[in-house]
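Take this structure first; my questions come after.
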Amino acid sequence: MRHHFLFKRIAKSYRCEVYVLNLDGLGRSRTIHNPDLVLDENIQLVGKHSLSAANPALYYVLNSKHTCNVIRHAIKELQIDIVVNSNLLPGAIAAKMAQRAEIPIVYDCMEYYPESASSYFKCPVARSLVESSVRQLMHYVIRKSDLVITVSDSHASLVKTVDPSKRVYVVPNGVDLEMFRPSDGDRLIDRACTSSLDLVYVGSVDVWLDMVSVLKAIEILKREGLRVQLTIVGGSHGGFYIEQMKSFGRSLGLENNLTFVGFVPYRSVPDYINAADVALAPYRNVLKNDVTPLKVLEYLACQKIVLCTPVPEIMKRFGNIVYSYDGPKDLARLLRQILQHRIDFENRARNARQMLSDYSWDVLADKYHQILNWVVN
């Protein structure tokens with residue numbers, strides 16, 4: 001979604017023509033979800049893939065020849081001024097062809113792909129092989145690029161370890177402050193209630209999360225006679241982790257405390273966030289997660305109490321407005337405090353939104369365009 005938010009604003013504000021490689025069939029879907037958020041009169045999809053696959057690695061391999069042809073045609077016929085790539089295999093193809101055509105190349109390193117790509121594989125040997133192969137591909141794309149944009153200082157440092165001479169800019173993820181805002185009226189809850197709490201998590205449910213600690217914390221509070229409900233909005237890319245969490249929840253006797261909603265239209269996400277008391281960001285402390293997560297920004301924009309694991313980049317940027325925990329007992333302790341001092345926590349959460357002005361997608365799109373303009377000129 002990052003590129004949709006950025007390039008739609010760039011296309012509109014600067015009247016740029018933006019051509020996007022069409023990846024229909026990735027995830028077996030041929031539907032453009034949320035077209036109003038993705039498309040614009042100055043944004044055009046190029047190419048059409050005929051082979052579908054849920055696994056991205058398989059999808060990119062199956063469509064590699066077609067991808068080559070589409071990118072070659074675009075560079076030759078569409079008067080491209082600059083190539084911005086993020087997906088690694090199409091990005092490597094685009095980087096090589098753009099270099100031949102003397103077109104500048106920018107790599108948007110928006111996540112650490114070796115860890116995310118390997119999450120689609122359950123077998124440890126396959127996971128290790130994929131992680132190693134994708135890491136090499138990522139290093140190739142970094143070296144081929146004229147400039148790299150990352151979403152965090154941590155990932156900028158990673159790029160420098162691969163190519164110390166590479167020019168790197170940090171453009172963090174952002175938030176649409178018009179879409180993500182508190183609901184018009186306060187939620188109809190009993191402010192004096194100290195035994196009931198509604199939690200929400202929005203995002204992918206995969207191995208880079210620590211949902212085990214969350215479920216254990218809920219089970220601790222349930223044994224104490226407190227009612228804690230968790231709504232999980234999103235699904236699993238690899239497929240197996242979410243099923244493991246459902247099974248683990250049942251083993252703890254939490255069937256009535258958990259609601260798995262699945263994927264929802266993006267415009268519905270604020271409704272789920274606003275329906276909760278507390279929003280969770282239970283990320284494992286791995287390199288992939290050391291970023292500025294979209295969901296943390298969206299939670300804060302909705303003025304929610306945000307609890308997260310102590311991921312360094314999150315704590316550096318938002319440590320004064322989010323609450324970190326370390327393990328299930330610590331999370332249970334925090335939730336108890338919120339139940340006992342709900343109004344104090346909610347008042348502090350209301351003040352967080354005003355600190356997000358620098359993370360507006362409008363502001364970040366202007367910065368992104370300045371970088372691209374500098375590269376071209």
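The values are calculated or read from the model by the stated rules, or taken from the named source; none is laboratory data. Keep in mind it's a predicted model, so treat the numbers as computed, not measured. Heads up, the Cβs are rebuilt from the backbone with ideal geometry, glycines too, and the neighbour counts pull from every protein chain shown.
Looking at segment 282-299, which of its residues are surrounded by fewer than 24 Cβ atoms within 10 Å (Cβ to Cβ) and free of Cβ contacts under 8 Å to residues at least 60 places away in the same chain?
285
Has segment 63-83 got at least one residue that is closer than 27 Å to residue 292 by Cβ, under 26 Å from the mean Cα position of the chain (by Cα), touching a residue at least 60 places away in the same chain (Cβ under 8 Å) and in the same structural domain as residue 140 (by TED's automatic domain parsing)?
Of segment 63-83, the ones closer than 27 Å to residue 292 by Cβ are 82-83.
Applying the additional criterion that residues be under 26 Å from the mean Cα position of the chain (by Cα) yields 82-83.
With the extra rule that they be touching a residue at least 60 places away in the same chain (Cβ under 8 Å), the set shrinks to 82.
Subset that is in the same structural domain as residue 140 (by TED's automatic domain parsing): 82.
Yes; the residues of segment 63-83 include at least one that is closer than 27 Å to residue 292 by Cβ, under 26 Å from the mean Cα position of the chain (by Cα), touching a residue at least 60 places away in the same chain (Cβ under 8 Å) and in the same structural domain as residue 140 (by TED's automatic domain parsing).
Take residue 315 and tell me if it is under 17 Å from residue 152 (Cβ atoms) and surrounded by fewer than 19 Cβ atoms within 10 Å (Cβ to Cβ).
Values: under 17 Å from residue 152 (Cβ atoms): yes; surrounded by fewer than 19 Cβ atoms within 10 Å (Cβ to Cβ): yes.
So residue 315 passes the test.
Restricting segment 100-128 to residues that are in contact with a helix residue (DSSP H, G or I) (Cβ under 9 Å, 6 or more places away or on another chain) and farther than 21 Å from residue 284 by Cβ, which is surrounded by the most Cβ atoms within 10 Å (Cβ to Cβ)?
107
Being small (Gly, Ala, Ser), in a loop (DSSP other than H, G, I, E, B), under 30 Å from residue 284 (Cα atoms) and at pLDDT 85 or above, is that true of even one residue in segment 81-88?
Residues of segment 81-88 small (Gly, Ala, Ser): 86.
So of that shortlist, the ones also in a loop (DSSP other than H, G, I, E, B) come out as 86.
Narrowing the set further to residues that are under 30 Å from residue 284 (Cα atoms) leaves 86.
Still in the running and at pLDDT 85 or above: 86.
Yes: segment 81-88 contains one or more residues that are small (Gly, Ala, Ser), in a loop (DSSP other than H, G, I, E, B), under 30 Å from residue 284 (Cα atoms) and at pLDDT 85 or above.
Tell me yes or no: at least one residue of segment 257-269 is part of a helix (DSSP H, G or I), crowded, with 19+ Cβ neighbours inside 10 Å and touching a residue at least 60 places away in the same chain (Cβ under 8 Å). It would help to see each step written out before you state the result.
We begin by selecting, within segment 257-269, every residue part of a helix (DSSP H, G or I); these are 266-269.
Checking the rest, the ones that are also crowded, with 19+ Cβ neighbours inside 10 Å come to 269.
Going one step further and asking which of them are touching a residue at least 60 places away in the same chain (Cβ under 8 Å), we end up with 269.
Within segment 257-269 (the criterion being part of a helix (DSSP H, G or I), crowded, with 19+ Cβ neighbours inside 10 Å and touching a residue at least 60 places away in the same chain (Cβ under 8 Å)), the answer is yes, since at least one residue qualifies.
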